[in-house]
Amino acid sequence: AKIDRFGIEKDRRWMLVDNNGKFLTQRRIAQMTLLDITEFQFPGGDWGLTIQASQSIRLPEQCEPKLTFSVNQHFALNDSISVELWDDVCEGEVADDFINQWLSLVLDIPCRLVFMGGAYYREVDKKYAQNNETVSFADGFPLLLTTESSLAAFNQYLNVPIGMLRFRPNIVISGNKAFAEDGWRRLRVGNTEFFVVKPCSRCVIPTINPSSAEKEPAIFKALKQHRSIGSEVYFVQNLLTTNSGKRSVADKVEIIE
């Protein structure tokens, strides 16, 4: 994966918004998890996306289960609109109408797809910034980190183990003790240095089964029992990085402090 100033390249640069420009997530529309996204290259270098609706989604008769489009032809040349993400007002390049109409039919709610262009700067919370870092349409920080041993430890509290996808980390490390990442402050992978800035408080999303979009409250109950501080529950760590680069599976990780 290539890491740039937004985080993983193209990750969370896309967002769905309602008719008022406010962001939409699985917190409100759980069946968003039933859309699979694939990136591909057209002959000549243009790139595109295919969005595939799971068979679990009931589609209107006139709606195909798959949508494919060129980003440059149907997206990148469009005007930007103001969109709201938590307390931030950002700019997003809006998709062509046929893309928005398809998504609205599939999800059964009026919505539009927007993209954060490469020239746009959304700064991270200044309380945690190291060097004026930026973030995409992620909640607050470019990257999330956790460890295989932490998930294994948490799964001991569940009758049915869950996969790492529930917590949606960008970086997963092996070979350490469970929840060792809670005490890390800096780490290096190859020539890329990362800063661990704060634990990630969790909402309802880890309870959503990515295969069915059903909510499983036992997961949040276990988080509250075993990973709570005050009224919040935490799992995985938010990261910043001050330099870009390519990282691969099996890269060695050095804990600096």
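The values are calculated or read from the model by the stated rules, or taken from the named source; none is laboratory data. For clarity, every value in this text was computed on a predicted model and none was experimentally measured. Backbone-built Cβ (ideal geometry, glycine too); neighbour counts: all protein chains shown. Only protein heavy atoms, including side chains, enter the accessible area calculation; ligands, DNA and RNA are left aside. Shrake-Rupley method; radii C 1.70, N 1.55, O 1.52, S 1.80 Å.
Overview of values
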{"read-out": "Distance in nm between pseudo-label sites at R185 and A152 (7 Å out along the Cβ direction from Cα)", "value": "2.9"}
{"read-out": "The stretch 195-257 - Rg and Dmax from Cα coordinates, angstrom", "value": "15.6, 40"}
{"read-out": "Base-10 log of normalised Debye intensity for the chain (one unit scatterer per alpha-carbon) at q = 0.07 Å⁻¹", "value": "-0.26"}
{"read-out": "The chain: calculated mean residue ellipticity at 222 nm from DSSP helix runs of at least 4, using -39500 (n - 2.57)", "value": "-3500 deg cm²/dmol"}
{"read-out": "Qualifying GluC sites (Glu not before Pro) for the stretch 154-252 [loop in DSSP, other Cβ within 10 Å: at most 16]", "value": "E214"}
{"read-out": "In Å², nearest 10: area of Y121 left accessible to a 1.4 Å probe", "value": "140"}
{"read-out": "With every protein chain in place, the chain: carbon and sulfur % of accessible area (1.4 Å)", "value": "47"}
{"read-out": "Cα Rg over Rh - the stretch 1-105, Kirkwood", "value": "0.95"}
{"read-out": "Whole-angstrom gap from the stretch 225-240 to the stretch 48-104, using each part's C-alpha centre", "value": "32"}
{"read-out": "Extension reserve of the D139-S70 stretch, reckoned as 0.36 nm per residue once the Cα distance is removed", "value": "22.2 nm"}
{"read-out": "Rg to Rh, two decimals, where the stretch 43-193 supplies the alpha carbon set and Rh follows Kirkwood", "value": "1.03"}
{"read-out": "Only Lys, Arg (+1) and Asp, Glu (-1) charged, at Cβ; the chain dipole about Cα centre in debye", "value": "960"}
{"read-out": "20 Å Cα-Cα threshold exceeded, pairs from K10/K246; K177/K252; K198/K224; K2/K252; K126/K177", "value": "K126/K177"}
{"read-out": "Sequence of T207, T33 from largest to smallest accessible area, 1.4 Å probe", "value": "T33, T207"}
